[in-house]
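The values are calculated or read from the model by the stated rules, or taken from the named source; none is laboratory data. What you see is a predicted model; the values in this text were computed from it and never measured. Because the Cβ atoms are built from the backbone with ideal geometry, glycine has one as well, and the counts that use them run over all protein chains shown. The area values use the complete protein model at the heavy-atom level, side chains included, leaving out ligands, DNA and RNA. Shrake-Rupley method; radii C 1.70, N 1.55, O 1.52, S 1.80 Å.
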Amino acid sequence: MKKIAFYDTKPYDKIWFGELNTKYDIEYFESKLNEKTAVLANGFDGVIAFVNDEINAKAIDVLYDGGVKVIAMRCAGYNNVDMKAALNRIRIVRVPAYSPHAVAEHTMALLLTLNRKIHRAYIRTRDFNFSLTGLMGFDLYGKTVGVIGTGKIGKVFIDICKGFGMKVLAYDPYPSDIPDVKYVDLDTLLSESDIISLHCPLTEETKHILDEDAFSKIKHGAVVINTSRGELIDSHALLKALNNETLFGAALDVYEEESDFFFEDFSNTIVKDDTLSLLMSRPNTIITSHQGFFTREAMQKIAEITLQNLDDFFEVRKLQNEVCYRCANL
Ligand code: NAD
């Protein structure tokens, strides 16, 4: 049996992998994969990794020297993998799509919660405080949503928004033909949207796509939602926009420095990230811990496709879900 090291394991990860795996000897490690913990995979044939693992060149060297031949990302994004370092040494596969509905529905859940202040109402009524002061929201019907990135998740989110009677503007360098969606340049989207939602990948080009300059162009009173990747937003610039009361609010499922915190319990600790603490303290900011993907359906699909990716590699079939640096030249 091929030996697989599974990093950053949480109890819920084992549900579907445990049920569906019949071919591999999987060892589950709680540690994240990074240059220090890569040594745990010495003697293993493959690795299953996740969004906040730090798979830099040093980690890849250690994995490669230890005999690892494939890294199966159990997620869509692979911005945390040094692709150049892996080239011609370790193959990288991923799960390009598992449930765009899971993330798009979470995006709408965040928007509805933030707008109608459900997070505050829930706490108030538990304390028998039935006052409505400060809880006023706005109708989504007739408002303009600006969607940055109209791939799988962006498209589902657009469908959901249309169901609410919203108008849709979009920005994407590779536009699709989507009925009743008007593609515009980024500045127009920023200045005309009541709600801005990020659904593009993190690349060198999109890093800090919402920076101080972008926030200065955003329509006064707009909502910003990020369920994509934390580094798409410059957190200091976001904090400034919240402090200036430029925004109605912000809802984040991802955060620039999330790898230090997300998926873990810090409730008994003093968290020393002042930006995160300040964002948390704003009544008009909601932060969830990268849980957009977290539905039963998505978790099952992630396990199915990850195991299929490993089968394709070890049974020497074409890797449908391979990502690599200069794939075309291999
Ligand atoms: P996708 O590849 O189907 O779509 C991405 C879209 O972004 C494409 O249409 C692409 O053309 C567009 N794009 C590329 N560069 C752009 C740019 N500079 N400006 C605007 N658009 C640009 O990906 P997807 O499945 O829709 O996922 C989108 C992102 O969602 C992923 O990259 C990932 O970061 C994030 N995600 C988050 C979670 C979560 O749990 N919160 C789960 C899965 C994915």
Between the residues Leu279, Leu135, Leu232, the Cα farthest towards the positive end of the dipole of region 100-287, that dipole coming from +1 and -1 charges on the beta-carbon of Lys, Arg, Asp and Glu, is from Leu135
Counting only the heavy atoms of the protein chains, how much of Tyr122 is accessible to a 1.4 Å probe, in Å² to the nearest 10?
130 Å²
Reachable aspartates and glutamates from Lys301, criterion Cα separation under 19 angstrom, eight or more residues apart if same chain
Asp8, Asp13, Glu19, Glu105, Asp311, Asp312, Glu322
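Using only the heavy atoms of the protein chains and a 1.4 Å probe, how would Val62, Val181 rank by accessible area, largest first? Please report the intermediate quantities before stating the final value.
Numbers: Val62 45, Val181 25 Å².
Ranking Val62, Val181 by accessible area, largest first, yields Val62, Val181.
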Can you tell me how region 194-284 classifies by the Cα gyration tensor, rounded, prolate or oblate, using a/c under 1.5 as the rounded cut?
oblate
Where the centre of each part is set by its Cα atoms, how far does region 82-157 sit from region 1-41, in angstrom?
28 Å
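Calculate the dipole size of region 100-287 relative to its Cα centre from +1 charges on Lys and Arg beta carbons and -1 charges on Asp and Glu beta carbons; express the result in debye to the nearest 20. List each step's numbers first, then the result.
On the way: 18 positive and 28 negative charges, 196 e Å.
The calculated dipole for region 100-287 is roughly 940 debye.
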Charges on Cβ only, +1 for Lys and Arg, -1 for Asp and Glu, centred on the Cα centroid of the chain; of Asn80, Tyr12, Tyr28, which one is farthest towards the dipole's positive end?
Tyr12
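Relative contact order of the chain: what whole-number percent is it, with Cα pairs under 8 angstrom and at least 6 residues apart?
Working: 592 pairs, mean separation 54.0, N = 330.
After rounding, I find 16 percent.
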Choose one of Ala49, Phe266, Phe293: the residue whose Cα lies farthest towards the positive end of the charge dipole of the chain (beta-carbon charges +1 Lys, Arg; -1 Asp, Glu; about the Cα centre).
Phe293
Kindly provide the trypsin sites (Lys or Arg not before Pro) of region 260-316 that DSSP labels as loop, not H, G, I, E or B, and whose Cβ sees at most 10 other Cβ atoms within 10 Å.
Lys272
Sites matching GluC sites (Glu not before Pro) across region 167-205 that sit in DSSP coil, with at most 13 neighbouring C-beta atoms within 10 Å:
Glu204, Glu205
Among the trypsin sites (Lys or Arg not before Pro) in region 184-229, which ones are in a DSSP loop with at most 15 other Cβ atoms within 10 Å of the Cβ? Mind listing them?
Lys207
In what order, largest first, do Asp139, Asp172 sit by accessible area if the probe radius is 1.4 Å?
Asp139, Asp172
Using a 1.4 Å probe and ignoring any ligands, DNA or RNA, find the accessible area of Leu252 and quote it in Å² to the nearest 10.
10 Å²
When we measure straight from the Cα of Lys207, which lysines land under 26 angstrom away, once same-chain ones fewer than 8 places off are left out?
Lys32, Lys58, Lys84, Lys152, Lys155, Lys182, Lys217, Lys219, Lys240, Lys272
Highest-fluctuation residue, Gly18, Gly66, Gly230 considered, GNM on the chain with Cα pairs under 10 Å
Gly18
Roughly how many debye, to the nearest 20, is the charge dipole of the chain about its Cα centre, given +1 on each Lys and Arg Cβ, -1 on each Asp and Glu Cβ, and no other charges?
640 debye
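For a protection proxy built on the mean count of beta-carbon atoms within 10 angstrom, sort 128-136, 143-151 highest first, please.
Details: 128-136: 9.0, 143-151: 22.6.
Highest mean packing first, the order is 143-151, 128-136.
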